[in-house]
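Please treat every number below as a calculation from the coordinates, not as lab data. If you're wondering where the values come from, they're calculated on a predicted model, not measured in any experiment. Cβ placement follows ideal geometry from the backbone for every residue including glycine, while neighbour counts extend to all protein chains displayed.
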Amino acid sequence: MFCSAPNKRISAQQLFESLVDLGVQVGTQDCNLIVSRYDGDMDGKLGYWEFANMVLPIDVQQRYELEQRHVVELDDEIKFKIRRIILSIVDAENTVESIR
């Protein structure tokens with residue numbers, strides 16, 4: 001998604017396509033919800049840090065350690081973990097939305 005261009009901004013449709021490429025089973029409505037929730041500057045797209053704030057841990061030390069890693073290619077274990085994280089976030093956001 002952001003590996004080749006960390007300054008890039010992605011739309012909900014691009015997020016959807018990237019997640020599908022990773023094997024994450026989400027719908028376009030899920031991606032629209034994620035973008036609307038985490039789009040800090042409200043331009044309708046997610047930047048690298050807006051996306052990172054969604055998936056990185058809140059713990060400062062853990063976050064720092066993850067930010068220092070330079071992954072060239074994602075192995076299957078990392079892809080599996082990313083899928084779990086994204087699906088957990090989508091489930092949580094859909095639950096919040098259903099409560100509203």
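When the dipole is taken about the Cα centre of the chain, and only Lys, Arg (+1) and Asp, Glu (-1) are charged at their Cβ, what size is it in debye, to the nearest 20?
Dipole about the Cα centre, nearest 20: 80 debye.
Taking Cα pairs under 8 Å and at least six residues apart, what relative contact order does the stretch 9-94 come out at, in percent?
Details: 65 pairs, mean separation 28.6, N = 86.
Computed value for the stretch 9-94: 33 percent relative contact order.
If you line up the long axis of helix 12-21 against the longest principal axis of the chain, both from Cα atoms, how many degrees apart are they, to the nearest 10?
50
At a 10 Å Cβ-Cβ cut-off, how would you order ILE34, ILE85, ILE99, ILE78, fewest neighbours first? If you can, show how the numbers build up before the last one.
Values: ILE34 24, ILE85 15, ILE99 6, ILE78 12.
The most exposed by this proxy come first: ILE99, ILE78, ILE85, ILE34.
Can you tell me the orientation of helix 76-99 relative to the chain, as the angle in degrees between its alpha-carbon axis and the longest Cα principal axis, to the nearest 10?
30
Give me the one-decimal nm value for the distance between modelled label points at GLN13 and ILE85, 7 Å along each residue's Cα-to-Cβ direction.
Simple spin-label model gives 2.7 nm for this pair.
Need the list of lysines near LYS45 for cross-linking: C-alpha distance under 21 angstrom, and skip anything on the same chain fewer than eight residues off.
LYS8
Divide by every residue of the chain the summed helix terms, -39500 (n - 2.57) for each DSSP H run of at least 4, and state the resulting mean residue ellipticity at 222 nm, rounded to the nearest 500 deg cm²/dmol. If you can, show how the numbers build up before the last one.
Numbers: 5 runs with 62 residues, N = 100.
Roughly -19500 deg cm²/dmol at 222 nm, from the helical runs in the chain.
Among (i) 1.23; (ii) 0.94; (iii) 1.65, which one is Rg/Rh (Cα atoms, Kirkwood Rh) computed from these coordinates?
Derived directly from the coordinates: (ii).
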